[in-house]
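Everything on this sheet refers to the single structure shown next.
The values are calculated or read from the model by the stated rules, or taken from the named source; none is laboratory data. Because the structure is a prediction, the values reported are computed rather than measured. In this analysis, Cβ positions are derived from the backbone assuming ideal geometry, glycine residues included, and neighbour counts consider all displayed protein chains. For accessibility, only protein heavy atoms count, side chains too; no ligands or nucleic acids. Shrake-Rupley method; radii C 1.70, N 1.55, O 1.52, S 1.80 Å.
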Amino acid sequence: MNTSSRNILAGLTLVAAGIAVGWGVPQWRAGHLSGSPAANITVASAPTERKVLYWYDPMVPTQKFDKPGKSPYMDMPLMPKYADEDTQDSTGLSVSAQAVQALGLRTAEVLQGKIGADVNVVGTVLLNDRDVSIVQARTAGFVERVYARAAGDVIAAGAPLADLLLPEWIAAQREFLSVRAMGDAPLTAAARQRLLLLGMPQALIAQVERTGEPKGLYTVTTPQGGLVAELMVRQGMTVSAGESLARVNGLATVWIEAAVPEAQSGPLQVGQTAQVRLAAFPGEVLQARIVSILPEANRDTRTVRVRLEMANPGQRLKAGMSGQIALKGNEQPALLVPSEAVIRTGKRALAYVVDGPGKFHPVEVQVGAEVGDQLVVNGGLAAGQQVVASAQFLIDSEASLRGVLPAGAAASAPASPHNGHGTSSPPAAATNAFVVRGVIEEMSPTELTLAHEAVPALQWPAMTMGFKLSSPHLAEGLSVRQQVRFTFSKQGEGYVITAIEKVQP
């Protein structure tokens, strides 16, 4: 092979090698990159579908369905339960954002506030029985004249009631004048002292000394002004020593008596002030003061009688008037939450604390008095915490289903048995106890008829129906038209009230 041929062959070899290298390098890079981390990230970044365990109705979360659709209980679509929603700890639970939005779940803050033991009751004006005078005959005699007086008249102090002829006084006055005429000063002083002991007024003795004549006709007057409550003297009567002639009630002050519910009487104290608004004087606020808290409660009405005293300038206040009494108590610090934020089952009270978006845990709380639409919390919560204020039945049912309620807490929505795959028993079986508000329409020792609000978990609209009482003592202290909050459950074929309490209108 000559030199020219060899050069041509070498050139062709180089070209072939270049072609091979140009094709092989891209293939090698592609093969290595296909197993690199960058390739895995790309694959991993592709969207993955969340695994659905089952579908459920938020109103009846214990019932499971194998496919989406419309709830057979409520007019709303079924919600999916995803596998990754079960990764919660044993003390709390999570609720999907869809369920929270569908139910309109609201939260409220636990507030540090102040409450006063205010008591508002109806009171009645009475005469002040501590301001009473009894007019009596000081010695035996005869009624010569009775002035124009009658029970119910209002008279001034010193007003005449009757003229009495008193023979015993006449004899004593004559004896005194005889002793005085003797000029014996000690005997005269002793005789004057005897006249005083017989009940003769100083003014009458002075008149006898001045005139030198006995005066047997004595005019009885009232020692104070006020109302003639009783008038027992009549013209022509014979009266004996100490016999009552009239009873006069002072009107400078009056009493107002009120029946305070036993549960609200504890903080009341003698000397406490009150505001009084009488129907006779609209828009006017009067001041009164507690002068007595009677030591016995009424066994039938479970109330304690409280007496207040107030001034009566111009004698405007009349016995029998009625009005509203506002007893202001001392303000005390307290933790407050909305009443609807607490689930009361009759044995325990629960609130659900917000741990984060869609995350909650149950807390047993100790509740106190209800002030308007706020409830005093004595333990279990702290100021600043957020609690669930609506749709607690969903959270409570879910907590009961997952077993995250506080130890021993009575769940308000325990699980119910299934009738089969994709089917369920009626909603009434899904919940053991329900807490609602209502107004008592009729009552008997064993049953209450209430106009109550809607019960969504039972698909009940607001209506009026009868409930049996689990115990007759539950009706104690209640009355028709009373607003109440009550807990009921299904027992047998009927619904039975297990707990009930009064609420403020």
Exercise. Leaving ligands, DNA and RNA out of it, report the carbon-plus-sulfur percent of the accessible area of the stretch 103-185 at a 1.4 Å probe.
Key: 51 percent
Quiz item: When we measure straight from the Cα of Lys359, which aspartates and glutamates land under 16 angstrom away, once same-chain ones fewer than 8 places off are left out?
Solution: Asp84, Glu85, Asp86, Asp89, Glu109, Asp396, Glu398
Exercise. Could you order His361, His473, His452 so the one with the most accessible surface comes first? Probe is 1.4 Å.
Key: His473, His361, His452
Quiz item: Given the protein chains as shown and a 1.4 Å probe, how many square angstrom of Arg247 are accessible, to the nearest 10?
Solution: 60 Å²
Quiz item: With every protein chain left in place, what is the accessible area of Thr487 in Å² (1.4 Å probe, nearest 10)?
Solution: 10 Å²
Quiz item: Within the set Lys81/Lys468; Lys81/Lys502; Lys318/Lys502; Lys51/Lys347; Lys328/Lys502, which residue pairs have Cα atoms separated by over 31 Å?
Solution: Lys81/Lys468; Lys81/Lys502; Lys318/Lys502; Lys51/Lys347
Practice problem: Kindly provide log₁₀ I(q)/I(0) values, in the same order as q = 0.15, 0.20 Å⁻¹, from the Debye equation applied to equal alpha-carbon scatterers of the stretch 224-321. | Solution: -0.77, -1.03
Practice problem: For the stretch 274-316, go through all pairs of different Cα atoms, get the mean of 1/r, take its inverse, and jot down that Kirkwood value in Å. | Solution: 12.3 Å
Quiz prompt | Local electrostatic count, Val132, Cβ distance below 13 Å [Lys/Arg +1, Asp/Glu -1] | solution = -1
Quiz prompt | Residue-count net charge about Glu144 - beta-carbon cut-off 14 Å; Lys, Arg +1, Asp, Glu -1 | solution = +2
Quiz item: In whole angstrom, and with the biggest value first, how far do the Cα coordinates of the stretch 117-179 range along each principal axis?
Solution: 72, 28, 18
Self-check item: Under Karplus coefficients 6.51, -1.76 and 1.60, residue-wise ³J(HN,Hα) of the stretch 440-450 in Hz, glycine/proline x
Solution: 6, 9, 9, 8, 9, x, 10, 8, 10, 9, 10
Quiz item: Once the Cα gyration tensor of the stretch 169-277 is diagonalised, what are the square roots of 5 times its eigenvalues, in whole Å and ordered largest first, as equivalent ellipsoid semi-axes?
Solution: 49, 18, 12
Practice problem: Mind grabbing the accessible area of Met76 for me, 1.4 Å probe, Å², rounded to tens? | Solution: 30 Å²
Exercise. Would you work out what percent of the accessible area of the stretch 225-337, with all protein chains in place, is carbon or sulfur (probe 1.4 Å)?
Key: 49 percent
